[in-house]
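Remarks on the structure that follows.
Each value in this text was obtained by applying a stated rule to the coordinates, not by laboratory testing. Everything numeric here is computed off the predicted structure, so don't read it as measured data. In this analysis, Cβ positions are derived from the backbone assuming ideal geometry, glycine residues included, and neighbour counts consider all displayed protein chains.
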Amino acid sequence: MYALLGLSVFLGIPILLIYLGLSIGKKGKKKRIEQFRISYEHALNGTDRKDALLKGRIYYSSLRAKNRLTLFDEQTITNDINTMKS
């Protein structure tokens, strides 16, 4: 009986820590994405197109698996930059 209790504690604690780590990681990722979005929108309100391009790529790559941009993302960034003030 004590062996079963020890085994469940031995397995339960790491599983709980992994679950909590993943939950915190997801919240942290959402917060980072929101910060990237705000930074990108701020850059689009400025006049520095290179800065907007960089921040747009960072923002859109943060939305994708393996942080890889798609052609659609690049086109969206280009369209956004074309609407910027000169």
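Once phi is turned into θ = phi - 60°, what whole-Hz ³J(HN,Hα) does the Karplus curve with 6.51, -1.76 and 1.60 give for every residue of segment 60-68, x standing for Gly and Pro?
Running phi through 6.51 cos²θ - 1.76 cosθ + 1.60 with θ = phi - 60° gives 5, 5, 5, 7, 9, 5, 6, 6, 9 Hz.
State, to one decimal in nm, how far the label point of residue 45 lies from the label point of residue 27, with both points 7 Å from Cα in the Cβ direction.
2.8 nm
For residue 50, list the lysines whose Cα falls under 27 Å from its own Cα; do not include residues on the same chain fewer than 8 positions away.
Partners within reach: 29, 30, 31, 66, 85.
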